[in-house]
Amino acid sequence: MLPEYKEGDFVIINEIAFFLHHLKKDDVIVFHHPTYGFLIKIIDSVLPEVGFFVSGSHKNSLDSSKLGLIPISAVIGRVIWHIRKPSLRQ
Amino acid sequence: MIHSIFSSLDKKYNFSQAQAHCDVPCGIYDPAPAQIAALTVVRMLDLMAGLQGGDDKSKSEYHNSMSRYISVKEEHAEKAKHEIRVIWGDYFKKDKHPNVDELVQRIMQLGSKCRQTADREAGLAFVEAINEFAAIFWETKGVAIKRAKAPYAPSLEMVYPNL
(Lines give C-alpha, C1' and ligand atoms only; values in the text may rest on other atoms or scores of the structure.)
Protein backbone atom coordinates (compact mmCIF):
# COMPACT_ATOMS: atom_id res chain seq x y z
CA MET A 1 0.00 0.00 0.00
CA LEU A 2 1.39 3.39 -0.95
CA PRO A 3 1.51 6.21 1.55
CA GLU A 4 -1.54 8.43 1.66
CA TYR A 5 0.59 11.55 1.91
CA LYS A 6 3.45 11.91 -0.52
CA GLU A 7 6.26 14.38 -0.86
CA GLY A 8 5.00 17.48 -2.67
CA ASP A 9 1.42 17.24 -1.42
CA PHE A 10 -0.12 20.22 0.34
CA VAL A 11 -2.39 20.20 3.36
CA ILE A 12 -4.58 22.88 4.84
CA ILE A 13 -4.85 22.63 8.62
CA ASN A 14 -7.22 23.98 11.20
CA GLU A 15 -5.22 25.57 14.02
CA ILE A 16 -8.12 26.79 16.13
CA ALA A 17 -7.43 25.64 19.69
CA PHE A 18 -11.04 24.71 20.41
CA PHE A 19 -11.00 22.06 17.71
CA LEU A 20 -7.63 20.75 18.82
CA HIS A 21 -9.24 19.80 22.13
CA HIS A 22 -11.92 17.84 20.31
CA LEU A 23 -9.75 15.66 18.14
CA LYS A 24 -10.79 12.05 17.73
CA LYS A 25 -9.53 8.74 16.40
CA ASP A 26 -8.74 8.78 12.66
CA ASP A 27 -8.28 12.55 12.52
CA VAL A 28 -5.10 13.50 10.68
CA ILE A 29 -2.95 15.95 12.61
CA VAL A 30 0.22 17.95 12.14
CA PHE A 31 2.35 18.14 15.26
CA HIS A 32 5.87 18.91 16.36
CA HIS A 33 8.06 16.15 17.72
CA PRO A 34 11.29 17.06 19.55
CA THR A 35 13.32 14.46 17.63
CA TYR A 36 11.60 14.14 14.27
CA GLY A 37 10.32 17.68 13.72
CA PHE A 38 6.99 18.40 12.08
CA LEU A 39 5.03 15.27 11.26
CA ILE A 40 1.64 14.35 9.82
CA LYS A 41 0.02 11.32 11.41
CA ILE A 42 -3.33 9.68 12.02
CA ILE A 43 -4.70 9.56 15.54
CA ASP A 44 -4.89 5.95 16.72
CA SER A 45 -6.29 6.65 20.14
CA VAL A 46 -7.02 9.59 22.39
CA LEU A 47 -5.99 10.04 26.00
CA PRO A 48 -8.52 12.68 27.11
CA GLU A 49 -6.97 15.99 28.21
CA VAL A 50 -3.49 14.49 27.79
CA GLY A 51 -2.63 13.64 24.22
CA PHE A 52 -2.69 11.13 21.40
CA PHE A 53 -1.15 7.97 20.10
CA VAL A 54 -0.62 8.10 16.36
CA SER A 55 0.27 5.98 13.35
CA GLY A 56 1.07 6.58 9.69
CA SER A 57 -0.66 5.44 6.51
CA HIS A 58 2.47 3.59 5.42
CA LYS A 59 3.24 0.26 7.06
CA ASN A 60 6.86 1.27 7.72
CA SER A 61 5.92 4.66 8.99
CA LEU A 62 6.99 5.90 12.38
CA ASP A 63 4.28 5.30 14.94
CA SER A 64 3.71 5.80 18.64
CA SER A 65 6.03 2.94 19.53
CA LYS A 66 8.85 5.30 18.51
CA LEU A 67 7.17 8.66 18.83
CA GLY A 68 5.57 8.14 22.23
CA LEU A 69 2.52 10.00 23.41
CA ILE A 70 1.89 13.22 21.50
CA PRO A 71 0.78 15.89 24.00
CA ILE A 72 -2.06 18.20 22.98
CA SER A 73 0.34 21.14 23.29
CA ALA A 74 2.49 19.68 20.47
CA VAL A 75 -0.40 19.62 17.99
CA ILE A 76 -0.24 22.37 15.37
CA GLY A 77 -3.53 21.61 13.66
CA ARG A 78 -5.92 19.12 12.13
CA VAL A 79 -5.75 18.44 8.40
CA ILE A 80 -8.94 19.62 6.75
CA TRP A 81 -7.86 19.56 3.11
CA HIS A 82 -5.34 17.35 1.33
CA ILE A 83 -4.15 18.56 -2.07
CA ARG A 84 -2.33 15.75 -3.80
CA LYS A 85 0.60 16.26 -6.12
CA PRO A 86 -0.52 15.25 -9.62
CA SER A 87 0.81 11.94 -10.85
CA LEU A 88 0.73 9.97 -14.08
CA ARG A 89 -0.77 7.15 -12.10
CA GLN A 90 -4.01 9.03 -11.60
CA MET B 1 -4.77 22.90 -11.21
CA ILE B 2 -5.28 23.50 -7.47
CA HIS B 3 -1.91 21.95 -6.76
CA SER B 4 -0.31 24.35 -9.26
CA ILE B 5 -1.85 27.31 -7.47
CA PHE B 6 -0.50 26.07 -4.15
CA SER B 7 2.90 25.40 -5.70
CA SER B 8 3.05 29.01 -6.87
CA LEU B 9 1.99 30.26 -3.44
CA ASP B 10 4.57 27.99 -1.84
CA LYS B 11 7.34 29.47 -3.97
CA LYS B 12 6.26 32.95 -2.91
CA TYR B 13 5.49 32.38 0.78
CA ASN B 14 7.59 29.28 1.53
CA PHE B 15 5.04 27.17 3.45
CA SER B 16 6.10 25.14 6.46
CA GLN B 17 6.86 21.49 5.74
CA ALA B 18 5.85 18.37 7.64
CA GLN B 19 7.02 14.79 7.11
CA ALA B 20 4.15 12.39 6.54
CA HIS B 21 5.29 8.87 5.90
CA CYS B 22 9.01 8.78 6.40
CA ASP B 23 10.44 5.34 7.03
CA VAL B 24 13.18 7.15 8.89
CA PRO B 25 13.28 10.90 8.40
CA CYS B 26 16.92 11.02 7.36
CA GLY B 27 16.74 10.52 3.60
CA ILE B 28 18.44 7.12 3.43
CA TYR B 29 17.48 5.53 0.12
CA ASP B 30 19.34 2.92 -1.88
CA PRO B 31 18.18 0.65 -4.73
CA ALA B 32 20.61 -2.11 -3.73
CA PRO B 33 18.06 -4.15 -1.70
CA ALA B 34 15.72 -4.15 -4.71
CA GLN B 35 18.52 -5.24 -7.03
CA ILE B 36 19.55 -8.09 -4.74
CA ALA B 37 15.95 -9.19 -4.34
CA ALA B 38 15.47 -9.24 -8.13
CA LEU B 39 18.67 -11.23 -8.52
CA THR B 40 17.36 -13.70 -5.95
CA VAL B 41 14.24 -14.15 -8.08
CA VAL B 42 16.37 -15.26 -11.05
CA ARG B 43 18.42 -17.51 -8.78
CA MET B 44 15.26 -19.23 -7.57
CA LEU B 45 14.04 -19.64 -11.15
CA ASP B 46 17.34 -21.31 -12.00
CA LEU B 47 17.14 -23.62 -8.99
CA MET B 48 13.57 -24.51 -9.90
CA ALA B 49 14.58 -25.33 -13.47
CA GLY B 50 17.51 -27.44 -12.32
CA LEU B 51 15.70 -29.38 -9.64
CA GLN B 52 15.73 -33.11 -10.29
CA GLY B 53 13.03 -35.59 -9.48
CA GLY B 54 10.00 -33.81 -10.84
CA ASP B 55 8.74 -36.89 -12.64
CA ASP B 56 8.38 -38.79 -9.43
CA LYS B 57 5.57 -36.92 -7.72
CA SER B 58 5.89 -38.99 -4.59
CA LYS B 59 9.32 -37.67 -3.78
CA SER B 60 8.77 -35.44 -0.81
CA GLU B 61 12.28 -33.99 -1.10
CA TYR B 62 11.43 -32.67 -4.53
CA HIS B 63 8.21 -31.04 -3.38
CA ASN B 64 9.87 -29.63 -0.30
CA SER B 65 12.66 -27.98 -2.29
CA MET B 66 10.38 -26.75 -5.04
CA SER B 67 7.93 -25.17 -2.62
CA ARG B 68 10.80 -23.43 -0.82
CA TYR B 69 12.19 -22.04 -4.08
CA ILE B 70 8.77 -20.78 -5.10
CA SER B 71 8.21 -19.25 -1.70
CA VAL B 72 11.51 -17.38 -1.80
CA LYS B 73 10.82 -16.26 -5.37
CA GLU B 74 7.46 -14.87 -4.29
CA GLU B 75 8.91 -13.13 -1.28
CA HIS B 76 11.78 -11.48 -3.12
CA ALA B 77 9.73 -10.38 -6.12
CA GLU B 78 7.42 -8.61 -3.69
CA LYS B 79 10.34 -7.23 -1.71
CA ALA B 80 11.90 -5.74 -4.84
CA LYS B 81 8.57 -4.15 -5.75
CA HIS B 82 8.22 -2.74 -2.25
CA GLU B 83 11.72 -1.24 -2.21
CA ILE B 84 11.15 0.42 -5.57
CA ARG B 85 7.79 1.79 -4.48
CA VAL B 86 9.31 3.37 -1.39
CA ILE B 87 12.08 5.12 -3.33
CA TRP B 88 9.65 6.17 -6.02
CA GLY B 89 7.00 7.41 -3.62
CA ASP B 90 9.25 9.07 -1.07
CA TYR B 91 12.29 10.21 -3.01
CA PHE B 92 11.62 10.95 -6.66
CA LYS B 93 10.09 14.24 -7.71
CA LYS B 94 7.91 14.03 -10.74
CA ASP B 95 8.85 17.43 -12.12
CA LYS B 96 12.52 16.41 -12.21
CA HIS B 97 12.13 12.78 -13.26
CA PRO B 98 9.06 12.55 -15.52
CA ASN B 99 10.00 9.17 -17.01
CA VAL B 100 10.33 7.30 -13.74
CA ASP B 101 6.58 6.63 -13.44
CA GLU B 102 6.57 4.55 -16.60
CA LEU B 103 9.65 2.61 -15.53
CA VAL B 104 8.21 1.90 -12.09
CA GLN B 105 5.00 0.65 -13.62
CA ARG B 106 7.03 -1.70 -15.81
CA ILE B 107 8.94 -2.94 -12.76
CA MET B 108 5.65 -3.61 -10.93
CA GLN B 109 4.31 -5.60 -13.87
CA LEU B 110 7.52 -7.58 -14.31
CA GLY B 111 7.60 -8.34 -10.60
CA SER B 112 4.08 -9.68 -10.79
CA LYS B 113 4.96 -11.78 -13.82
CA CYS B 114 7.90 -13.26 -11.91
CA ARG B 115 5.51 -14.27 -9.18
CA GLN B 116 2.91 -15.70 -11.53
CA THR B 117 5.24 -17.68 -13.80
CA ALA B 118 8.55 -19.53 -13.95
CA ASP B 119 9.66 -17.45 -16.92
CA ARG B 120 13.39 -16.75 -16.69
CA GLU B 121 13.16 -14.08 -19.38
CA ALA B 122 10.75 -12.17 -17.15
CA GLY B 123 13.24 -12.50 -14.31
CA LEU B 124 16.05 -11.12 -16.46
CA ALA B 125 13.85 -8.24 -17.58
CA PHE B 126 12.95 -7.58 -13.94
CA VAL B 127 16.63 -7.33 -12.97
CA GLU B 128 17.42 -5.10 -15.92
CA ALA B 129 14.49 -2.75 -15.28
CA ILE B 130 15.61 -2.34 -11.66
CA ASN B 131 19.16 -1.74 -12.90
CA GLU B 132 17.72 1.01 -15.06
CA PHE B 133 15.96 2.45 -12.03
CA ALA B 134 19.21 2.27 -10.02
CA ALA B 135 21.08 4.12 -12.78
CA ILE B 136 18.52 6.96 -12.69
CA PHE B 137 18.64 7.01 -8.90
CA TRP B 138 22.43 7.35 -8.76
CA GLU B 139 22.31 9.98 -11.46
CA THR B 140 20.05 12.07 -9.21
CA LYS B 141 22.70 11.76 -6.51
CA GLY B 142 25.45 12.84 -8.87
CA VAL B 143 27.16 9.49 -8.36
CA ALA B 144 28.78 7.76 -11.34
CA ILE B 145 27.80 4.15 -11.97
CA LYS B 146 29.57 1.08 -13.25
CA ARG B 147 28.21 -2.16 -14.64
CA ALA B 148 29.71 -5.38 -13.38
CA LYS B 149 28.68 -8.99 -13.02
CA ALA B 150 27.40 -9.92 -9.59
CA PRO B 151 30.04 -12.01 -7.80
CA TYR B 152 27.54 -14.78 -7.10
CA ALA B 153 25.06 -16.85 -9.06
CA PRO B 154 23.31 -16.05 -11.29
CA SER B 155 26.16 -13.63 -12.08
CA LEU B 156 24.02 -11.14 -13.95
CA GLU B 157 25.29 -7.70 -14.84
CA MET B 158 24.34 -5.18 -12.18
CA VAL B 159 24.48 -1.42 -11.83
CA TYR B 160 26.69 -0.33 -8.93
CA PRO B 161 27.55 3.16 -7.64
CA ASN B 162 31.15 3.92 -8.50
CA LEU B 163 32.04 5.45 -5.14
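Restricting the search to segment B:123-163, which residues are in contact (Cβ under 8 Å) with a residue 24 or more places away in the chain and small (G, A, S)?
B:G123, B:A129, B:A134, B:A135, B:A150, B:A153
Give segment A:17-53 a look and list any residue that's surrounded by fewer than 18 Cβ atoms within 10 Å (Cβ to Cβ) and either touching a residue at least 60 places away in the same chain (Cβ under 8 Å) or of a type in the set (K, R) (or both), or say none.
A:K24, A:K25 - these are the residues of segment A:17-53 that are surrounded by fewer than 18 Cβ atoms within 10 Å (Cβ to Cβ) and either touching a residue at least 60 places away in the same chain (Cβ under 8 Å) or of a type in the set (K, R) (or both).
Report, by residue number, each residue of segment B:90-105 that is under 13 Å from the mean Cα position of the chain (by Cα) and either buried (at least 16 other Cβ atoms within 10 Å of the Cβ) or in contact (Cβ under 8 Å) with a residue 24 or more places away in the chain (or both).
B:V100, B:L103, B:V104
Please verify whether segment B:94-108 includes one or more residues that are more than 14 Å from chain A (Cβ to nearest Cβ) and not polar (S, T, N, Q).
No, that holds for no residue.
Among what's in segment A:54-90 and is modelled with pLDDT of 85 or more and farther than 30 Å from B:M1 by Cβ, pick the residue that is surrounded by the fewest Cβ atoms within 10 Å (Cβ to Cβ).
Only one residue fits best here, namely A:S73.
Test each condition in (1) within 26 Å of B:R147 (Cα to Cα); (2) surrounded by fewer than 18 Cβ atoms within 10 Å (Cβ to Cβ); (3) polar (S, T, N, Q) for B:N64 and report the one that comes out false.
All conditions are met except number (1).
Only one of A:F38, A:F10 is touching a His at 6+ places or on another chain (Cβ under 6 Å) and within 23 Å of B:K11 (Cα to Cα); which?
A:F38
Across segment A:1-36, which residue is modelled with the lowest pLDDT among those that are at the interface with another protein chain (Cβ under 7 Å from one of its Cβ atoms) and within 22 Å of B:S7 (Cα to Cα)?
The selected residue is A:P3.
Quick check on my filter: what residues within segment A:27-46 are among the aliphatic types (A, V, I, L, M) and either closer than 13 Å to A:E4 by Cα or out of contact with any Ser or Thr (no Cβ under 9 Å at 6 or more places or on another chain) (or both)?
Once the filter is applied, which keeps residues that are among the aliphatic types (A, V, I, L, M) and either closer than 13 Å to A:E4 by Cα or out of contact with any Ser or Thr (no Cβ under 9 Å at 6 or more places or on another chain) (or both), segment A:27-46 yields A:V28, A:I29, A:L39, A:I40, A:I42, A:V46.
The values are calculated or read from the model by the stated rules, or taken from the named source; none is laboratory data. Since we're looking at a predicted model, the values are computed, not measured. All Cβ positions, glycine included, derive from the backbone under ideal geometry; neighbour counts span all protein chains shown.
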